[in-house]
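The values are calculated or read from the model by the stated rules, or taken from the named source; none is laboratory data. Since the structure is predicted, the reported quantities are computational estimates derived from the model, not experimental observations. In this analysis, Cβ positions are derived from the backbone assuming ideal geometry, glycine residues included, and neighbour counts consider all displayed protein chains. In case anyone asks, the SASA skips ligands and DNA or RNA and just uses the protein heavy atoms, side chains included. Shrake-Rupley method; radii C 1.70, N 1.55, O 1.52, S 1.80 Å.
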Amino acid sequence: MITVFGSINVDLVTRVERPPGPSETVRGSDYRLIPGGKGANQALAARRAGAEVRLFGAVGDDSMAAITLTELTAAGGPFAMTEIEVRGNPMRVFDSAPPTMRSLWELATFHGDKTYVVYEDERYTYAEIAARVRALAGLLRDVHGVGVGDRVAVAMRNYPEWVVGYWAT
């Protein structure tokens with residue numbers, strides 16, 4: 001999995017008869033709007049090369065943002081979306097997203113001995129957190145009777161234990 005943090009925007013590209021010289025402005029004949037940004041371009045290149053990609057970037061709420069999001073989420077695009085019904089309501093979802101949070105967590109555990117959580121001078125690997133998640137999930141199920149469909153509130157500060165509580169519930 002490749003994770004890209006970067007810009008997502010629209011480039012305004014124009015054709016000119018020659019490159020401008022120092023401190024010179026050269027008029028263009030027309031222009032095109034092309035979705036781009038360093039982050040989006042890197043993510044798209046990696047996706048086209050066959051990699052699984054996550055892209056994190058901010059997009060404004062102007063007309064250029066609409067063009068960018070339409071291109072990125074169009075059918076066949078790197079972050080294609082379709083509309084499905086969830087609990088009777090239409091919702092846009094990513095076509096390549098894991099079907100459940102549990103599926104997402106199971107994918108994360110493939111990272112095994114890689115560092116997952118850092119808190120002050122503490123470091124926890126995916127495998128260490130996964131073991132704690134299994135232990136807490138078992139405790140909640142076997143000792144406290146928490147089952148499928150039950151709601152569990154996790155209210156705590158941003159400690160490593162919060163991550164364990166989140167994934168276990």
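Sorted largest first, the principal axis extents computed over the alpha-carbon atoms of the range 1-77 equal 43, 25, 21 Å. Between the range 104-169 and the range 1-36, the alpha-carbon centres lie 45 Å apart. At a probe radius of 1.4 angstrom, the accessible area of the chain per residue rounds to 75 square angstrom. Here the dipole of the chain is about 180 debye; that uses its Cα centre as origin and unit charges on the Cβ of Lys and Arg (positive) and Asp and Glu (negative). The listed peptides 142-148, 64-70, 161-167, ordered by packing as a protection proxy, come out as 161-167, 64-70, 142-148 (highest mean of other Cβ atoms within 10 Å first).
Calculate how large, on average over all directions, the projected area of the Cα convex hull of the chain is; give the answer in nm² to one decimal. If I average the Cα hull's projected area over directions, I get 15.9 nm².
Note: the range 50-145, Cα convex hull, 187 Å³ per residue.
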